[in-house]
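Notes follow once the structure below has been shown.
Bear in mind that the values in this text are calculations on the coordinates, not laboratory data. Treat the numbers as computed from the prediction; the structure is a model and nothing was measured. With ideal geometry, Cβ positions are generated from the backbone for all residues, glycine too; neighbour counts draw on all protein chains shown.
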Amino acid sequence: MTSSVFGGIAARNFGYAKVEIKKSIARHDGRCEVCIYTNPNAAKGHAGMEYTDTTPVKEIEDINELHSRIEASMQQLWHQTKQADLKKTSAPGDHCQITDDAENTAIH
């Protein structure tokens, strides 16, 4: 899914993308590390999935809707995780607030 989301976005903006997942939480690496090549010559010799901007218009609309839903879900999960982390690390009497919008992400 990560490859598809990043690859689709990059290909629509640059015409080409190759996504290499170097590390992932799913593979128990403890973090994700993704490399996106937008030049076919630079991508040669690297592992990964390739994407181009030749997707039909209807499919693009469906993909855009899916990407929007995925992004909203990811932001919601991130926000819930940060709230849970703050509750674990806050001492009694501490007050924390998370601001998460399109412009800013901050923890007070």
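Amide H to amide H, with H built 1.01 Å from N, SER24 comes under 5 Å of ASP29, ARG31, GLU33, counting only residues 5 or more places away or on other chains. Computing FRET efficiency as 1/(1 + (r/R0)^6) for LEU77 and ASN39, where r is the C-beta to C-beta distance and R0 is 30 Å, gives about 0.40.
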